[in-house]
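Only one structure is covered here, and it is reproduced in the block below.
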Amino acid sequence: MASSSRRSRTVQLGLRENLAQFSLLVAVNGFVGAMVGLERSTLPLIGEQEFDLTSSVVVLSFIVAFGLAKALTNLGAGAFAQRVGRRRLLVLGWLIALPIPLLVAVAPNWGWIVAANALLGINQGLAWSMTVVMKIDLVGPKRRGLALGLNESAGYGGVAVAAIISGWLASEYAARDVLIVGGAVVAVLALLLAALFVRDTADHVALEQTSHPGGAADSPSLRTAFVDATIRNPALRSCSQAGFANNLNDALAWGIVPLFLAARGASASEVGLVAGIYPAVWGIAQIPAGHWSDRVGRKPLIVTGMLVQAAALALLAASDGAVAIAAAAAVALGLGTALVYPTLIAAISDAVSPVDRPPAVGIYRFWRDMGYVAGALIAGLTADAIDYPGAIAIVAALTAASGVWVLVDMPASTRLDQRKQLV
């Protein structure tokens, strides 16, 4: 009892109460996003220009490797976070990022690039998962949506800035050199921040769990949590499939859109601009979107966001590669994704207890990032069989169907009443 009382005096939940650590984790997640953003406007073009790849499926194989590695890592990170510690997994994620620029630098063939992206997927699965979970731990239930909006905003702000800068530099220097130097700088800086300054959040989890109905509890088995998040619990399964569809269309935006625009005559800097607008809007708009979901609930924003994404992709399919129209579609796609992305993780967190949170979030992120695998395969195969606009239109239809699924299947509230009681 004495130790519990002492902990409650020294550990507090809340954004303001933990602002220093929260801000540090925001910065770290900006670096996580930058690792991916460096590739957004360069890697598909490197595949065509330096490795003479002609098949869209082969070019997009790097996204398949990335998505599969990230999805499986999310699953493991969620299961082991409680046992190993969030901070240790975060540092491990950045250690794994260090060889990525070296592999890209010495790659004699595309297989080495694919291997580098498997390591990138592991880095993202560990580092992004832990920054998400640690921020949720710090703020408690009151401002969870806002916290996740800030987290995802930092991550995708990093994606946007890196995509725009790397696209601009790739028009002046060799695209592979841009990727190598940028990746090395980001990995080293982020590792130093995580290892020297980030603190673990286990005490915050313990404090929140004591206020949760049922008090202290053990984490569920991975098998039980997986069945709940995938099939049994309607709130969780709705989020899992929506996350899957979201990253399915993100894989298309990452892999097919640069090829589509370049095939219609866009320059590397124009490709970088469109590739950067989408995550930039996504990143900025997530902050008000996450805060809004704390007030009105999660479901309305998720349904609306999925349908806006579908409309944006339909516009892109009809654009014939015109940069101005593609840029407008990127803005709409970013807005739709901003409504969905932080809200889905907040909905998952609402529906489970604090100790159940890491595996539930990990399983959701597993299914979400398997969308990269499906998206790369669907987009690549259909682009080769039909054309780029046809591939984009098919993904738009799948995204719209996902929004309808959420509308029909997700409960109107994911324990919103309980969240209000806890604040």
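Per residue of the chain, what 222 nm ellipticity follows from adding -39500 (n - 2.57) for every DSSP H run with n ≥ 4, rounded to the nearest 500?
-27500 deg cm²/dmol
Which order results if Thr382, Thr224, Thr337, Thr230 are arranged by neighbouring Cβ count within 10 Å, fewest first? Show your work: numbers first, answer last.
Working: Thr382 21, Thr224 13, Thr337 30, Thr230 16.
Neighbour counts put them in this order, fewest first: Thr224, Thr230, Thr382, Thr337.
Once fully extended, how much extra length lies between Glu172 and Leu189, figured as 0.36 nm per residue of separation less the alpha-carbon to alpha-carbon distance? Spell out each step's value before the answer.
Values: separation 17, 0.36 × 17 = 6.12 nm, distance 2.49 nm.
So the chain would gain 3.6 nm between Glu172 and Leu189.
Roughly how many debye, to the nearest 20, is the charge dipole of segment 278-423 about its Cα centre, given +1 on each Lys and Arg Cβ, -1 on each Asp and Glu Cβ, and no other charges? If you can, show how the numbers build up before the last one.
Working: 9 positive and 9 negative charges, 121 e Å.
Its charge dipole is roughly 580 debye.
Pull out a ≥ b ≥ c, the square roots of the eigenvalues of the alpha-carbon gyration tensor of segment 53-121, then state rounded if a/c is under 1.5, prolate if not and a/b is larger than b/c, and oblate in the remaining case. Don't jump to the answer; show the numbers that get you there.
Numbers: a/c = 5.12, a/b = 1.84, b/c = 2.79.
In terms of gyration-tensor shape, oblate.
Report, to the nearest 10°, how far helix 202-211 tilts away from the longest principal axis of the Cα atoms in the chain, using its own Cα long axis and a range of 0 to 90°.
Around 60 degrees separate the two axes.
Could you tell me which of rounded, prolate or oblate describes segment 30-77, using a ≥ b ≥ c as the square roots of the eigenvalues of the alpha-carbon gyration tensor, with rounded for a/c under 1.5 and, failing that, prolate when a/b is larger than b/c and oblate otherwise? Provide the component values of the computation, followed by the final result.
Values: a/c = 4.33, a/b = 1.55, b/c = 2.79.
Note, shape of segment 30-77 comes out oblate.
Out of Ile378, Gly362, Val404, whose Cα points farthest toward the positive end of the dipole of segment 358-417 (charges: +1 Lys, Arg; -1 Asp, Glu; placed on Cβ)?
The residue sitting farthest along the positive end of the dipole is Gly362.
Along the positive direction of the dipole of the chain (beta-carbon charges: Lys, Arg +1; Asp, Glu -1; about the Cα centre), which of Ser221, Gly183, Trp128 reaches farthest?
Ser221
Listing Ser56, Ser267 from the residue with the fewest other Cβ atoms within 10 Å to the one with the most, what is the order? Walk me through the intermediate numbers first.
On the way: Ser56 25, Ser267 14.
Starting with the residue having the fewest Cβ neighbours, the order is Ser267, Ser56.
Averaging the inverse of every distinct alpha carbon separation and then flipping it gives the Kirkwood radius. What is it for segment 82-174, in angstrom units? Don't skip to the end; give the middle numbers.
Values: mean 1/r = 0.0656 Å⁻¹.
Kirkwood hydrodynamic radius for segment 82-174: 15.2 Å.
Determine the dipole magnitude for segment 309-385: charges of +1 sit on the beta-carbon of Lys and Arg, -1 on that of Asp and Glu, nothing else is charged, the reference point is the Cα centre, and the result goes in debye to the nearest 20.
Details: 3 positive and 5 negative charges, 32 e Å.
For segment 309-385, the charge dipole is close to 160 debye.
From Cα pairs below 8 angstrom and at least 6 apart in sequence, can you work out the relative contact order of segment 12-120, rounded to a whole percent?
Once divided by the residue count of segment 12-120, the mean separation gives 31 percent.
Among Ala162, Ala351, Ala127, determine the one that fluctuates most according to a GNM of the chain built with springs between C-alpha atoms less than 10 Å apart.
Answer for the Gaussian network model of the chain: Ala351.
When all C-alpha to C-alpha distances in the chain are sorted into bins of 10 Å, what percent of pairs does each bin hold, rounded to whole numbers?
Percent of pairs per bin, in order: 5, 24, 35, 24, 10, 2, 0.
Within a 10 angstrom radius of the beta carbon, how do Arg16, Arg357 rank from fewest other beta carbons to most?
Details: Arg16 9, Arg357 25.
Exposure proxy ranking, most exposed first: Arg16, Arg357.
Relative contact order, percent, of the chain when contacts are C-alpha pairs under 8 Å separated by at least 6 residues?
Numbers: 830 pairs, mean separation 113.2, N = 423.
With pairs under 8 Å counted, the relative contact order is 27 percent.
Rank Gly76, Pro44, Ser61 by how far each Cα sits towards the positive end of the charge dipole of segment 22-125 (+1 on Lys, Arg Cβ; -1 on Asp, Glu Cβ) and give me just the farthest.
Gly76
Magnitude of the Cβ-charge dipole of segment 129-191, K/R +1 and D/E -1, about the Cα centre, nearest 20 debye?
Values: 5 positive and 4 negative charges, 77 e Å.
It works out to roughly 360 debye.
The numbers here are math on the coordinates, done by the rules we state, and not lab data. Not measured: the values here are computed from a predicted model. Positions of Cβ are generated from backbone atoms using ideal geometry, with glycine treated the same way; all protein chains shown enter the neighbour counts.
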